[in-house]
Amino acid sequence: MTALGIHLTLLIGPMVAVPAPPPYMEALQSVQVTHSDSGRSGFQLTFQAGRSGPAGLMDYPLMMLPLLRMFNRVILIATINAIPRVLMDGIITNQQLSPGDQPGSGTITVTGEDVSVMMDMEEKNVEHPAQPELVIANKIIVTYAQYGLIPLVIPPVAMDIPLPIERIPVQRGTDLNYLKEMAGRHGYVFYVTPGPAPFVNTAYWGPPVRIGIPQPALSANLGPQTNVNSINFQNNGLAPTLVTGQVQDRQTNQTVPVQTFVSTRPPLSVQPAVLTNQPNVRTTRFQGSGLNIVQSFGQAQAQTDASTDDVVTVTGELDAARYGAMLQARSLVGLRGVGFTYDGFYYVKSVTHNITRGDYKQNFTLTRDGTGAISPVVPTF
């Protein structure tokens, strides 16, 4: 699929995906891929299906070959201005057939999720004695090396090595759910991103990304430099939450107060809501029990950090041809042209890529902790 300097490559097959045969590429009508930091990424491929010729008397030709079967692997590579990026590396989990009411009007739609879906297939009851969550996360991820998973695990601020005479961490559930459960205790996230090369995926367990090199800026209301088709902003004053309470330290049996005051995330605005909304910031009671003081403060701080992530939410649609790149979720991007209050840097929470012949649009959701641009300029390339 080629249009306006954009080329899409489809690899598909059982485990070892191979380039899709020409009939499949000719029949491919649309591609939709969604990346999000709050769940598994997904994809949907829609093919035009007809039953012409002798083979059509038996079945749809696209169905007779084994490429669209359940649990086959799908790799999508988008090349924009000669720069290839792995858009999706996933597994087919659903198939739909719509025969249509006219010859050749039928469609076959296959839907799937990124390779982390294979980490959600088996519920387990496993003990992890004397292993902190950092070690457990790495250990689980490396067992899925056949899907090209490379672990990127960030140590939590409050890391506690459990003594077997005191407690033993026990996993009850799938590997994916346990990784997310451990991440949630520290305000972390777990997700799998495709790339940087085909058949390779990065399994990230750590805090939402708030540092790094920003992507090229999104531009609105800037005449010929505009690359955003539509954009909307929402500021939620009730989002930031402080935590207060007390805990009985399981090691000393002493009752110790627990309280948070600010977010420890690197700020993306000059007016973080957790500070500017004082004294009207919501407060919740700390509910943890059976913890030591380090774990208690770590979990309380994680609640406050997570609450400030989505104070300002931005949704919109981006024209990929004018943007000249593929907007990537789970990283930073600059925004300009909407005024000081909402200009500046944002965290890209999710991106949905909609690709058809001659058209490539990206629907995005951006978030940050407050208002006011933290920098007077943002990179445009």
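The values are calculated or read from the model by the stated rules, or taken from the named source; none is laboratory data. If you're wondering where the values come from, they're calculated on a predicted model, not measured in any experiment. Methodologically, a virtual Cβ is constructed for each residue, glycine included, from the backbone with ideal geometry; neighbour enumeration extends over all protein chains shown.
So, in segment 166-199, of the ones that are among the small types (Gly, Ala, Ser), modelled with pLDDT under 90 and part of a loop (DSSP other than H, G, I, E, B), which residue ends up nearest to TYR144 (Cα to Cα)?
GLY195
In segment 90-164, which strands (runs of 3 or more DSSP E) lie fully inside it and hold 2 or more residues that are surrounded by fewer than 14 Cβ atoms within 10 Å (Cβ to Cβ) and touching a residue at least 12 places away in the same chain (Cβ under 8 Å)?
124-127
How many residues are farther than 14 Å from THR34 by Cβ and either buried (at least 23 other Cβ atoms within 10 Å of the Cβ) or in contact with a strand residue (DSSP E or B) (Cβ under 6 Å, 6 or more places away or on another chain) (or both) if we restrict to segment 332-359?
Here the count works out to 16.
Name the single residue, out of those in segment 245-258 being surrounded by fewer than 15 Cβ atoms within 10 Å (Cβ to Cβ) and polar (S, T, N, Q), that is modelled with the lowest pLDDT.
Restricting to residues being surrounded by fewer than 15 Cβ atoms within 10 Å (Cβ to Cβ) and polar (S, T, N, Q), the top hit is GLN251.
Would you mind stating whether VAL228 is over 20 Å from GLN301 (Cα atoms), touching a residue at least 24 places away in the same chain (Cβ under 8 Å) and assigned by TED's automatic domain parsing to the domain that holds GLY337?
For VAL228, the condition - over 20 Å from GLN301 (Cα atoms), touching a residue at least 24 places away in the same chain (Cβ under 8 Å) and assigned by TED's automatic domain parsing to the domain that holds GLY337 - is met.
Across segment 26-39, which residue is modelled with the lowest pLDDT among those that are closer than 15 Å to ARG330 by Cα and surrounded by fewer than 21 Cβ atoms within 10 Å (Cβ to Cβ)?
Per the criteria, the residue is SER38.
Which pairs have Cβ atoms under 8 Å, sit 6 or more apart or on different chains, and link a residue in segment 64-76 that is in the same structural domain as ASP114 (by TED's automatic domain parsing) to one that is among the hydrophobic types (A, V, I, L, M, F, W, C) and loosely packed, with under 14 Cβ neighbours inside 10 Å?
Short answer, once both residue conditions are applied: MET64/ALA55; MET64/MET58; ARG73/MET15; ARG73/VAL16.
Is one or more of the residues making up segment 160-175 outside the structural domain of ASP359 (by TED's automatic domain parsing), touching a Phe, Trp or Tyr at 6+ places or on another chain (Cβ under 9 Å) and within 22 Å of PRO14 (Cα to Cα)?
no
Answer yes or no: is there a residue in segment 282-289 that is out of contact with any Ser or Thr (no Cβ under 7 Å at 6 or more places or on another chain) and either crowded, with 20+ Cβ neighbours inside 10 Å or of a type in the set (Val, Ile, Thr) (or both).
No, every residue in segment 282-289 fails to be out of contact with any Ser or Thr (no Cβ under 7 Å at 6 or more places or on another chain) and either crowded, with 20+ Cβ neighbours inside 10 Å or of a type in the set (Val, Ile, Thr) (or both).
Which of (1) of a type outside the set (D, E, K, R); (2) modelled with pLDDT under 80; (3) on the phi < 0 side of the Ramachandran plot is the odd one out, the single condition LEU62 does not satisfy?
(2)
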